[in-house]
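Since the structure comes first, as structure tokens, the remarks are kept for the end.
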Amino acid sequence: MDAPLHRLLVVDDSNVIRKRIERANELPEIEFVGSARNGREALELYSLLRPTLVTMDLTMPEMDGAECVSKLVQRDPGIRILVISALADKLTAIDALEKGASGFLCKPFTDRQLNDALRKLIGAES
Amino acid sequence: MTLETEVGVFVSGVLNYFGTTVQQAAQCGTPHLALGERPEMSDYTGVIQVSGKRTGLVAFTAPKSMLSVMLMRMQETDMSHENLCDLVGEIANTLSGNARRDFGHQFQISVPEVVSGRGGTLAYPAQGRPIVIPIEWRNYHARLIVCLQ
């Protein structure tokens, strides 16, 4: 089997959600490489793990997701970030995309919705 | 928005949350004002402080047994106190965050705080009148408490 092409970092302050995203990913092209509890941890782990994909919560302590998206994109303009947030208003989604996120998935989500969003993120056919 | 519409936003959020996350429908009972007494709190309560155009709080309170079954339905095997706190906070966060679709961008929400143990009280706004939305799921009983000024 071919090695995964994409390295996934999951960022969310909820342990339950982090593990759920890790478990739900069923795309062989995506390898889970680590998880972070807030934006500050995500930046630290980025240097160590060099993820190519990130799922990013927005409302988190210490450093929120919007700030972390901006900083990750500054460091790596090619990184693909899927924001996964409960903040369901359009302005929040637009703001995340303007900061450099590649997609937005609203919580709550099903496993299928998550995989569809990840598939779109890597540009794979369903 | 009228009070009825506002309550409807949260009822829709609850139904969507259970239908999506644990894929088993919940039912909401008749919402009511908690007049003269503080709403009863269950084993675990997730609390979100609201600021911006509206101020107050949104709290989801549920028994340990219900949260444990919800974790199982999410394929989670760790039923520790930490994970139960995590889940109840995440539910409160999701229901509050989803409400921004209708309340707008100025409906600012905090990160969740979690209170464990029955008999606690929440710091309600002085002029706020808590509205209690009863939730029934698989014979378990939870409540969503919304108190906004």
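State which residue is nearest to B:Asn16 (Cα to Cα) when the search covers only region B:43-52 and only residues that are open to solvent by 10 Å² or more (accessible area, probe 1.4 Å) and among the hydroxyl-bearing types (Ser, Thr, Tyr). Top of the filtered list is B:Tyr44. Filtering region B:90-138 to residues that are in a strand (DSSP E or B), open to solvent by 10 Å² or more (accessible area, probe 1.4 Å) and within 14 Å of chain A (Cβ to nearest Cβ) leaves B:Gln108, B:Ile109, B:Glu113, B:Val114.
Scanning region B:23-53 for residues that are touching a Pro at 6+ places or on another chain (Cβ under 6 Å) and in a loop (DSSP other than H, G, I, E, B) returns B:Gly29, B:Ala34, B:Pro39, B:Ser42, B:Asp43. Comparison of B:Thr55, B:Thr30 shows that the only residue that is open to solvent by 30 Å² or more (accessible area, probe 1.4 Å), away from every other protein chain (no Cβ under 14 Å) and over 27 Å from B:Gln106 (Cα atoms) is B:Thr30.
The values are calculated or read from the model by the stated rules, or taken from the named source; none is laboratory data. What you see is a predicted model, and the numbers here were worked out from it, not measured in a lab. Neighbour counts run over all protein chains shown; Cβ positions are idealised from the backbone, glycine included. Side chains included, ligands, DNA and RNA excluded: accessible areas come from the protein's heavy atoms. Shrake-Rupley method; radii C 1.70, N 1.55, O 1.52, S 1.80 Å.
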